Amino acid sequence: MRQRILIALLTYGDSVNVSFLSWLDSIRMLNSDTSHPRTYEVMYVPGRRPVAYARNIAAARFIKSGADKLWFIDDDLVPTESSLRIFESDADIVSGLYYLLFVESGRPTIDSCIYYKRNGGFSHIDARQRLIGQDIIPIDAAGTGTLLIDRKVFLDPNMYNSDEYESASGDIVTLENSDATTHFKTMYKSDASEELSEDLDFVWRAKQLGYRCECVLDARFYHKKEVMIDWFI
């Protein structure tokens, strides 16, 4: 039986770049090829904020769809001919490779979207230091810019964040929202600055529960900002 892949495209507005649409059309054409092991459907989640809420909406729709895997792809990524190589890993959570742009002291630097847990925090993995023949590596966390997640991870009750709180009267109140799950949650410090993003938190919690998390280094996506300084790579 062919695997059903639901692609969740989170957009900042109501538009999608042309190269992305062209890529989506090309992979949906594979649906008519019965020898191809997968079928692809696309779900748009436009303009929902904060981003953790948008991802929870996608998770809820994915669970209802009955599809086998949810593939998050953000609209500021540019797919390449190698993007489908993400399926070369059968891990429970699989990341493709893209880079993040940072500006520190007025200088642009780039780091990968994949991480190891080190010394109480997360460190970017330098994918450029890969060994010859090392195409798939274990990871502890990853951004959800391009992240493939098996259905069983979403069905695990331990992957849900609490949707209950205690009211001033001492009653336990449940925050009900049929449109979204509680899988993703951004962690904030007391000064309201971000402590841990919703995507790193999700992957790290799954890793702690025993789910296998990997990155396919050759499943390449370009970040829109990264394209401008691609000569760094």
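The values are calculated or read from the model by the stated rules, or taken from the named source; none is laboratory data. All figures in this text were calculated on a predicted structure; none of them were measured in a lab. So basically every Cβ, Gly included, is an ideal-geometry build from the backbone, and we count neighbours across all protein chains shown.
For the subset of segment 95-118 comprising residues that are aromatic (Phe, Trp, Tyr) and within 20 Å of residue 213 (Cα to Cα), which member is modelled with the lowest pLDDT?
Going through the qualifying residues, I end up with 99.
Return the pairs, sorted by first residue and then second, in which the second residue is assigned to a loop (DSSP other than H, G, I, E, B) and not aliphatic (A, V, I, L, M), the first residue lies in segment 207-233 and is farther than 26 Å from residue 154 by Cα and modelled with pLDDT under 55, the beta carbons are less than 7 Å apart, and the residues are 6+ apart or on different chains.
226/98
Right, residue 149: touching a strand residue (DSSP E or B) at 6+ places or on another chain (Cβ under 7 Å) and closer than 24 Å to residue 182 by Cβ or not?
yes
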